[in-house]
Amino acid sequence: MIKYLILIIFLTSCASTQPYLKIGAGYKFEETKIYWQNKGASTNSNHPISARFELGIEQENITYGISHHSQWLEGWPVNSNGEYSKTEVFADYKFRF
């Protein structure tokens, strides 16, 4: 957690750029099924409505930052079901046409 906090402080302190925050949702129409073991029972808690959060900086065609993807209606704070999630640092190059 502390490494994410350090990255957020770094991203928001860059004076030459304007940091951004994205909060969004998507609908997953294709996904690998993930099953959780809950008290010996196998359950599938993949909800199709995804949650996306991104904090980053864009400099010309390069974007970099931290991104988190999970589900809006599974896991904390909605319920105690297991949920698939990922948090990643990223760097993207944008091609313009």
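The single condition among (1) of a type in the set (S, T, N, Q); (2) modelled with pLDDT under 80; (3) surrounded by 10 or more Cβ atoms within 10 Å (Cβ to Cβ) that Gln71 does not satisfy is (2). Look at segment 86-97: where a residue is touching a residue at least 12 places away in the same chain (Cβ under 8 Å) and a partner is assigned to a loop (DSSP other than H, G, I, E, B) and surrounded by 10 or more Cβ atoms within 10 Å (Cβ to Cβ), sitting 6+ places away or on another chain with Cβ atoms under 8 Å, you get Tyr93/Asn61; Lys94/Asn61; Phe95/Asn61; Arg96/Asn61.
Of the residues in segment 24-34, at least one is hydrophobic (A, V, I, L, M, F, W, C), surrounded by fewer than 14 Cβ atoms within 10 Å (Cβ to Cβ), at pLDDT 90 or above and not in a loop (DSSP other than H, G, I, E, B).
The values are calculated or read from the model by the stated rules, or taken from the named source; none is laboratory data. This structure is a prediction, so every number in the text was calculated from the model and none was measured. Note that we place each Cβ from the backbone using ideal geometry, even for glycine, and neighbour counts take in every protein chain shown.
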